[in-house]
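Engineer: I'd like to ask some things about the structure below.
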Amino acid sequence: MPPTARRPQEPAGQSSSATQAPPAGQLLSAGPFAGLDYLASAVMLLDAAQQVRYANSAAQNLLAVTGQSLRGRPFGKVVRASATLEAALANAVANGWSYTGQNVEIRRDDHDILHLNCTVTPIQCAEAPEICMLMELQPIDQQLKVSREERLIGQQQANRELIRNLAHEIKNPLGGIRGAAQLLERELNNPALKEYTQVIIAEADRLQNLMQRLLSPHRGNMQPAPVNIHDILERVRSLLLLESPEGLAIRRDYDASLPELLGDREQLIQVFLNIARNAAQALEGRGEIIFRTRAARQVTLVKRRFRLAIDVMIIDNGPGIPETFLERMFYPLVSGRPDGTGLGLTLAQSFVQQHQGVIECSSRPGHTAFLARLPTDPFEKQA
Ligand SMILES: Nc1ncnc2c1ncn2[C@@H]1O[C@H](COP(=O)(O)OP(=O)(O)O)[C@@H](O)[C@H]1O
Ligand SMILES: [Mg+2]
């Protein structure tokens with residue numbers, strides 16, 4: 001191919017061997033933009049055909065691509081970008097407009113969805129004339145997650161207070177009602193009438209019991225001691241297998257190298273029993289539950305930073321949970337089952353929070369995953 005003069009608008013991929021401008025297929029690794037590799041923020045340089053000419057290390061990490069795989073690919077092929085972002089890129093090329101988008105959604109090749117703040121700035125650089133746009137990508141998933149967590153925790157605190165006060169209000173007169181029914185029963189000569197007092201007493205007991213369970217997660221603090229998470233999960237597994245039909249399989253995928261965790265054994269058994277029991281109920285006796293454990297390093301949980309946390313995932317291949325129900329199901333008395341109390345997840349959430357941890361859930365048909373993230377030392381000193 002004869003050498004040709006290089007023009008900025010030249011279609012990429014067919015450029016000449018001009019010394020300062022590498023062909024489109026080759027990423028700039030040094031030259032005028034070498035310094036960008038030192039940035040922690042993700043930066044990319046695009047040409048007029050929207051092909052990625054350079055992506056700094058942060059951008060390659062963020063998009064889970066290597067420099068090689070970007071070779072000559074337009075940005076829209078590297079990731080699936082929203083129509084707004086595509087239009088912004090076209091405008092930057094055609095009109096020299098810059099663009100800033102908040103909470104832009106892009107889908108990576110591995111199908112993960114990223115939420116980003118994105119800025120596109122048209123640029124001109126004599127030393128690399130083919131470059132015409134600088135794109136900065138700032139991931140905000142962490143911010144979104146923290147604000148969602150904060151909102152949830154705020155709501156849960158308000159809920160807990162409401163329930164505690166309400167339960168107290170109901171409990172006290174209940175005692176009186178029950179006592180009066182007992183006194184009345186003793187005075188009754190007609191045994192047939194005792195049936196009615198028995199109903200009053202039994203119903204008062206049932207309500208008393210419910211109130212007790214509503215109040216119990218808030219009463220008393222955890223008794224922390226070093227515990228082995230796998231001991232706890234094995235206990236839950238055997239309890240669950242005992243009460244389940246044969247068609248239920250519980251597979252373990254444990255990271256055996258995990259250290260012990262400082263926690264309350266009884267509370268943690270209750271947490272995972274409640275989560276796994278829901279999974280078993282959703283499976284209606286047939287299906288698989290996976291108990292998985294992993295380490296998570298340097299995590300921020302409810303605004304506190306921990307060196308190490310243990311992720312416990314309980315995954316089932318049942319019908320899944322509708323999106324609209326996902327946040328509500330942690331509320332007390334919210335149940336999707338006719339005979340449910342709606343207290344299982346509330347209690348689990350409450351206990352995990354006492355351990356400074358969080359529970360999250362994601363679900364689609366055939367794959368429902370509950371993740372409980374527990375710091376190994378909930379009392380870790382904050383730097
Ligand atoms: N793994 C799961 N698959 C499907 N639905 C679930 C799952 N886990 C929880 N749920 C839904 O969340 C609801 C609330 O659970 P929970 O708080 O334990 O109360 P309960 O089990 O008494 O209904 C359940 O009734 C069910 O509808
Ligand atoms: Mg339950």
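Values quoted throughout were computed directly from the atomic coordinates according to the rules given, and no laboratory measurement underlies them. The model shown is predicted, which means the values in this text are computed figures rather than measured ones. Note: ideal-geometry Cβ built from the backbone for every residue, glycine included; neighbour counts use all protein chains shown.
Engineer: Convex hull volume of the Cα atoms in region 145-219, per residue, in Å³? Display every interim value, and only then the final one.
Structural biologist: Details: hull volume 5.8 nm³, N = 75.
Per residue, the Cα convex hull of region 145-219 comes to 78 Å³.
Engineer: Further, regarding this structure: In 10 Å bins starting at zero, report the fraction of Cα pairs in region 124-274 per bin as a rounded %.
Structural biologist: Bins of 10 Å from zero give 8, 17, 20, 21, 14, 9, 6, 2, 2, 1, 0 percent of pairs.
Engineer: Okay, next question. Along each of its three principal axes, how wide is the spread of alpha-carbon positions in the chain, in whole angstrom units, largest first?
Structural biologist: 115, 45, 43
Engineer: What are the lysines whose alpha-carbon lies under 28 Å from the alpha-carbon of residue 303, with same-chain residues fewer than 8 places away excluded?
Structural biologist: List returned: 145, 381.
Engineer: Let me know the shape class of region 211-310, please: from the alpha-carbon gyration tensor, a ≥ b ≥ c as square roots of the eigenvalues, rounded when a/c is under 1.5, otherwise prolate if a/b is greater than b/c, or oblate.
Structural biologist: On the way: a/c = 2.02, a/b = 1.28, b/c = 1.58.
Note, shape of region 211-310 comes out oblate.
Engineer: Output the peptides 138-151, 52-65, 76-89, 183-196 sorted from most to least packed, where packing is the average of other Cβ atoms within 10 Å over each peptide's residues.
Structural biologist: Numbers: 138-151: 13.1, 52-65: 21.1, 76-89: 16.6, 183-196: 10.4.
Put in order of decreasing packing, that is 52-65, 76-89, 138-151, 183-196.
Engineer: Taking the square root of 5 times each eigenvalue of the Cα gyration tensor, what semi-axes in Å does the equivalent ellipsoid of region 221-383 have, largest first? It would help to have the intermediate numbers written out before the result.
Structural biologist: On the way: eigenvalues 129, 63, 42 Å².
They are 25, 18, 14 Å, listed largest first.
Engineer: Another one. Mind checking which of 262, 85, 238 is farthest towards the positive end of the chain's charge dipole, using Cβ charges of +1 (Lys, Arg) and -1 (Asp, Glu) about the Cα centre?
Structural biologist: The one lying farthest along the dipole's positive direction is 262.
Engineer: Another question, then. Take the alpha carbon atoms of region 31-139, find their radius of gyration, then divide it by 2.2 N^0.38 Å using N residues; give the quotient. All intermediate terms of the calculation are to be shown ahead of the outcome.
Structural biologist: Details: Rg = 12.6 Å, N = 109, 2.2 N^0.38 = 13.1 Å.
Working it through for region 31-139, the quotient is 0.97.
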